[in-house]
1. Using a/c under 1.5 as the rounded threshold, could you call the range 98-149 rounded, prolate or oblate? The axes a ≥ b ≥ c are square roots of the C-alpha gyration tensor eigenvalues, and prolate needs a/b larger than b/c, oblate otherwise.
2. Quick one: work out Rg over Rh on the C-alpha atoms of the range 1-94, Rh as Kirkwood radius.
3. Give me the percent relative contact order of the range 76-166, please, defined on Cα pairs under 8 angstrom at least 6 residues apart.
4. How much length would be gained if the chain were fully extended between ARG130 and GLU76, taking 0.36 nm per residue of separation minus their Cα-Cα distance, in nm to one decimal?
5. Would you mind calculating the relative contact order of the chain from Cα pairs under 8 angstrom and at least 6 residues apart, reporting the percent as a whole number?
6. Please report, ordered by residue number, every helix of the chain (full DSSP H runs) that is 24 Å or longer along its axis going by C-alpha atoms and whose mean Kyte-Doolittle hydropathy reaches 0.0.
7. Once the Cα gyration tensor of the range 29-166 is diagonalised, what are the square roots of 5 times its eigenvalues, in whole Å and ordered largest first, as equivalent ellipsoid semi-axes?
8. Choose one of ASN108, THR19, THR3: the residue whose Cα lies farthest towards the positive end of the charge dipole of the range 1-119 (beta-carbon charges +1 Lys, Arg; -1 Asp, Glu; about the Cα centre).
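Where a number appears in this text, it was derived from the coordinates with a stated rule and is not lab data. Keep in mind that what you see is a predicted model, and the values were worked out from it rather than measured. Don't worry about glycine lacking a Cβ; one is built from the backbone with ideal geometry, like all the others, and counts go over all protein chains shown.
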Amino acid sequence: MSTDAIVLLKNDHKEIRKTFRDFKKAGENATATKGKLVDKMIELLTVHTYIENEVMYPRVRALLPDLEDDVLESYEEHHVADLLVMELVPMSYDDERFVAKATVLIENVDHHIEEEEQEWFPKVRQGLSRTQLREIGTELAEAKERAPRRPEQPSALKKTIDAVIA
Ligand SMILES: [Fe+2]
Ligand SMILES: [Fe+2]
């Protein structure tokens, strides 16, 4: 299995986007199906946001100072997604705002993933060596194992609190 950091993150993106597609394809009245898909996307996003916040962004920021502005913008985009996730978690699947809020989350994250893949990853790949990308990939894989899977888990709480008071 490849541990190249960008390959690993793109695989996460693929899995996340599949839940987005399935959500959009689910019928008008598929309340329970949509609710389960939102649970799944929240789990995937909690893990993915954690490993980017804890490993990818700080490593790239340190190694490629020129990309600092992109990293700072990414943290803010994660922050917006965190806020929407936190509002979705306690919401009932049949709340009239549930699908609307999930749709806004999907639009935001889609845009963010698009920017990472189209603009940011190519710059990172150009700036770092294959060895550096593999080392970061190994760290990402390790972080994935200890990552929180729900936003209310203790290791996600600091992130959650930062999102509220920052
Ligand atoms: Fe990200
Ligand atoms: Fe990402």
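1. Judged from the Cα gyration tensor, the range 98-149 comes out oblate (a/c at least 1.5, b/c at or above a/b).
2. 1.05
3. 35 percent
4. So the chain would gain 16.6 nm between ARG130 and GLU76.
5. Over the chain, the number comes to 41 percent.
6. 31-51, 98-115
7. Whole-Å semi-axes of the equivalent ellipsoid: 29, 16, 14.
8. THR19
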